[in-house]
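Read the structure below first, then the notes.
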Amino acid sequence: MWKCFLTRTSRCFSTSAGNKALKWWDHVAPAPKDPINSVTEAFLADTSPTKINLGVGAYRDDEGKPVVLQCVREAEAKIAGCDFLGVGRESVSSAVSSKLVEESVKLVYGKNSDVIKEGRFAGVQALSGTGACRLFAEFQRRFYPESQIYMTDPTWSNHHNIWRDALVPERTFHYYHPDSKGLNFSALMDDVKNAPDGSFFLLHPCAHNPTGVDPTEEQWREISYLFKVKNHFPFFDMAYQGFASGDLDRDARSIRIFVEDGNLIGCAQSFAKNMGLYGHRVGCLNVLCNDAKQAVAIKSQLQQIARAMYSSPPVHGILLVSGILSDPNMKALWVQEVKVMANRIQNLRTTLRKSLEQLSSSLNWEHITNQVGMFCFSGLTPEQVDRLQRGFHIYMTLDGRMSMAGVTTGNVSYLANAIHEVTKFG
């Protein structure tokens, strides 16, 4: 009976479709390649022994290898004997997630901050910094559907994708000055002033990606004051805390200035870089609120959005991070290791600049040491970047962004010579 029914039904659908079977997904074209992932793919396909990857923004040691921090090894050992897969794992996940948020916001506001004492923040664990940004973008669209987001020009390429997919219109504001290879502060302030009152701005609190250009503390104070006057909402994406100065508190100073001035803020945090946990996707989103009552309401909304996106996050990574942050000895070790990573990058900046100057380059390379953090916005043109790749097997994004983590004492002279060769004739 069923066979006859299916045969008749099939014949009916075939007839109604004009004897043409529906070809699902034929209209789907390949997505454009991510510019950073494309660099990695090209690097991996290169067989040259002298190849250098300056594309990925993840820390490497002086041999160019990924690093597992000692604090992470100790945290792994500490949780290895615990049974988190048995009965009650849901409550364990909830508890460690709450602990992660509790410890993470201390890195943002300071451990003795009134914000924390008064419970004036709504915080949730997120899937690294990207997930935290996406969660906030969705929150912004849901409760301010007519709003847009102002981003620095330039910004991390994935920021555009995140807010676009949340259906939040994007605008840019001046930030980088291509001539000075520093901050275009006056144009930045004009754009902040001319934006409609109550606008959303995406800011990098430290180690700006991709430029490595940060405002000074005094400039942050002026920016914060103008935000307060204009009633703008600053959303900070803090992916590289510790990498700008080697000091976690100093790298959060810009955010704390905004809070001191009475601004409400949002903040995305990532532990992918400063704990070397790129594959664990551990992050945090928090929104500063007027009072504890508002914080409860906003947290419930963030949790509801996250529930539809990914339900609950994996527990292993948050066990590592919350364990490190809540243990005084392991946290002290982490702080020390962050300083070591930041110092290595700062030292390689100095070496690269000195190497270029010793080659009698006619160009000014001061920006290499003036910029901070993981990236150097080199000023190289797309044509020069292409020549570096084809002639010297050196890989970076076409905008000239170099990940300084890929520079080592073993390849810095080769890199300097290659840059000198592609730039000496303009």
Intensity falloff of segment 157-308 expressed as log10 I(q)/I(0), Debye formula with alpha-carbon point scatterers, at q = 0.11, 0.12, 0.16 Å⁻¹: -0.46, -0.55, -1.02
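Taking every DSSP beta bridge with both residues inside the chain, roughly what % is antiparallel (nearest 5)? Mind dumping the intermediate values first?
Working: 18 of 36 bridges.
In the chain, DSSP labels about 50 percent of beta bridges as antiparallel.
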Segment 52-196: relative contact order in percent, alpha carbon pairs under 8 Å with at least 6 residues between: 12 percent
Global size of segment 353-426 as Cα Rg and Dmax, reported in angstrom: 11.2, 29
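How much FRET efficiency would the formula 1/(1 + (r/R0)^6) give for Glu63 and Asp114, where r is the Cβ-Cβ distance and R0 is 41 Å, rounded to 0.05?
Working: r = 45 Å, r/R0 = 1.10.
Plugging the Cβ-Cβ distance into 1/(1 + (r/R0)^6) gives 0.35.
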Order of exposure, largest accessible area first, which applies to Val192, Val340 with probe 1.4 Å: Val340, Val192
Stokes-Einstein D for segment 282-411, Kirkwood Rh over Cα pairs, 10 °C, 1.306 mPa s (µm²/s): 84 µm²/s
Listed residue pairs exceeding 18 Å between alpha carbons, taken from Lys193/Lys230; Lys99/Lys331; Lys111/Lys293; Lys78/Lys339: Lys111/Lys293; Lys78/Lys339
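Once the piece of chain linking Arg221 and Thr381 is laid out straight, how much longer is it, given 0.36 nm per residue of separation minus the C-alpha distance between them?
Here the segment from Arg221 to Thr381 would lengthen by 54.3 nm.
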Difference of contour (0.36 nm per residue) and Cα-Cα distance, Ile79 to Leu44: 9.2 nm
Relative frequency of Cα-Cα separations exceeding 14 Å in segment 199-253, percent: 55 percent
Antiparallel DSSP beta bridges within segment 235-377, percent to nearest 5: 55 percent
Candidate residues Thr130, Thr155: accessible-area rank, largest first, probe 1.4 Å: Thr130, Thr155
Contact order normalised by residue count of segment 257-337, Cα under 8 Å, 6+ apart, percent: 22 percent
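Please report, as a whole percent, how much of the solvent-accessible surface of the chain comes from carbon and sulfur atoms (probe radius 1.4 Å). Working shown, then result.
Numbers: 11210 of 20890 Å².
Its accessible area is 54 percent carbon and sulfur atoms.
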Label point distance in nm, Lys424-Asp291, each placed 7 Å from Cα along Cα→Cβ: 7.0 nm
For a label point 7 Å along the Cα-to-beta-carbon line of Asn231, residues of segment 179-215 with backbone N under 16 Å: 193-201
Percent RCO, i.e. relative contact order, over the chain, from Cα pairs under 8 Å lying at least 6 residues apart: 24 percent
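On average over all directions, what projected area in square nanometres does the chain have, based on the convex hull of its Cα atoms? Write out the running numbers ahead of the final one.
Numbers: hull surface 113.0 nm².
Projected area, direction-averaged: 28.3 nm².
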Packing-based ranking, highest mean first, of 269-281, 363-375 given that Cβ atoms within 10 Å are counted: 269-281, 363-375
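Tell me the per residue accessible area of segment 199-310 using a 1.4 Å probe; a whole number in Å² is fine. Don't skip to the end; give the middle numbers.
Values: 3960 Å² over 112 residues.
Computed with neighbouring chains in place, this is 35 Å² per residue.
Of the peptides 416-423, 234-241, how do they stack up when ordered by the mean number of other Cβ atoms within 10 Å, highest first? Show your work: numbers first, answer last.
Working: 416-423: 19.0, 234-241: 25.0.
With the highest mean Cβ count within 10 Å placed first, the list reads 234-241, 416-423.
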Student exercise, segment 112-253 dipole from Lys, Arg, Asp, Glu Cβ charges, in Debye to nearest 20: 340 debye
Separation between Cα centres of segment 235-295 and segment 22-45, rounded to whole Å: 32 Å
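The values are calculated or read from the model by the stated rules, or taken from the named source; none is laboratory data. What you are looking at is a predicted structure, and each value in this text was computed from that prediction instead of being measured. We place every Cβ from the backbone using ideal geometry, glycine too, and count neighbours over all the protein chains shown. Calculation scope for accessible area: heavy atoms of the full protein, side chains included, ligands and nucleic acids excluded. Shrake-Rupley method; radii C 1.70, N 1.55, O 1.52, S 1.80 Å.
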